[in-house]
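Since the structure comes first, as structure tokens, the remarks are kept for the end.
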Amino acid sequence: MDLTRPTAPNPYELLPQVPSFELRSDDLTDGGTMPDEFTEDGGNISPHPAWSGFPAGTKSFVVNCFDPDAPTPAGYWHWTVLDIAADATELAQGAGASDLELDGAAFHVRNDASDAAYQGAAPPKGDVPHRYIFAVHALDTETLELDEDATPTAVAFNALFHTLARATLTVTFRH
């Protein structure tokens with residue numbers, strides 16, 4: 001099946017602009033292809049993100065991964081971790097397996113597959129190449145005061161009003 005269609009806009013380009021900082025990964029290269037081990041079929045392991053250069057007033061972070069090219073009107077949330085302490089500067093590879101892999105008050109909310117964990121890339125076979133946008137949001141609050149029942153969209157909405165700066169790293173994958 002060939003699902004040729006236009007890709008969605010980058011959602012972060014549609015939000016109010018904020019300063020950026022550095023986001024890198026030992027596992028991913030911005031603009032590159034997602035390695036198989038971070039896909040649903042290849043291991044479903046969350047990649048390592050590391051960040052630096054965020055504003056001095058940062059009190060916590062949110063890390064997420066979003067696929068704007070999913071064949072839905074709302075894209076697809078693959079990973080959301082919130083209430084990451086301000087002194088954190090990375091998540092280890094595999095930290096998306098469960099809350100037990102996270103430090104302090106940090107926790108996952110359910111992705112669009114209803115798992116409180118990372119879900120690897122799994123676009124429909126034959127579809128356009130999908131972009132997986134990993135983002136780290138530096139926030140001006142220690143907590144978003146949400147719980148594990150919050151949706152990734154609710155986290156993104158609440159984080160918007162507390163975002164001091166944002167960094168993104170985008171990789172693509174296609175079956």
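The residue that is most open to solvent (accessible area, probe 1.4 Å), among those in region 146-175 that are in contact with a strand residue (DSSP E or B) (Cβ under 9 Å, 6 or more places away or on another chain) and assigned to a loop (DSSP other than H, G, I, E, B), is Arg174.
For region 41-63, the criterion of being in a loop (DSSP other than H, G, I, E, B), open to solvent by less than 20 Å² (accessible area, probe 1.4 Å) and farther than 17 Å from Glu90 by Cβ is met by none of the residues. For region 1-39, a residue qualifies if it is of a type in the set (D, E, K, R), within 17 Å of Pro68 (Cα to Cα) and out of contact with any Leu (no Cβ under 9 Å at 6 or more places or on another chain), and the qualifying residues are Arg5, Glu13. Open to solvent by 60 Å² or more (accessible area, probe 1.4 Å) and either closer than 23 Å to Phe21 by Cβ or not hydroxyl-bearing (Ser, Thr, Tyr) (or both): is that true of Asp127 in this structure? No, not satisfied. Residue count for region 15-31, restricted to those that are within 20 Å of Ala92 (Cα to Cα) and either in contact with a strand residue (DSSP E or B) (Cβ under 8 Å, 6 or more places away or on another chain) or not in a loop (DSSP other than H, G, I, E, B) (or both): 9. Selection within region 80-91: residues that are closer than 16 Å to Phe134 by Cβ and in a loop (DSSP other than H, G, I, E, B). The member of this set that is nearest to the chain's Cα centre (by Cα) is Leu91. Figure legend. Inter-residue proximity from region 85-102: first residues touching a residue at least 60 places away in the same chain (Cβ under 8 Å), second residues assigned to a helix (DSSP H, G or I) and aromatic (Phe, Trp, Tyr), beta-carbon distance below 9 Å, spacing 6+ or different chains. Indicated pairs: Gln93/Phe38. Among the residues of region 92-124, those that are farther than 13 Å from Trp77 by Cα, assigned to a loop (DSSP other than H, G, I, E, B) and open to solvent by less than 30 Å² (accessible area, probe 1.4 Å) comprise Gly94, Leu102, Ala106.
Among the numbered conditions (1) in contact with a strand residue (DSSP E or B) (Cβ under 7 Å, 6 or more places away or on another chain); (2) at pLDDT below 95, the only one that Ala8 does not meet is (1).
Please indicate, with yes or no, whether at least one residue in region 166-175 is over 24 Å from Phe38 (Cβ atoms), in contact (Cβ under 8 Å) with a residue 12 or more places away in the chain and of a type in the set (Gly, Ala, Ser).
No, region 166-175 contains no residue that is over 24 Å from Phe38 (Cβ atoms), in contact (Cβ under 8 Å) with a residue 12 or more places away in the chain and of a type in the set (Gly, Ala, Ser).
The values are calculated or read from the model by the stated rules, or taken from the named source; none is laboratory data. Fair warning: this is a prediction, and the values are worked out from it, not measured in the lab. Note that we place each Cβ from the backbone using ideal geometry, even for glycine, and neighbour counts take in every protein chain shown. Accessible surface areas use protein heavy atoms only, side chains included; no ligands, DNA or RNA. Shrake-Rupley method; radii C 1.70, N 1.55, O 1.52, S 1.80 Å.
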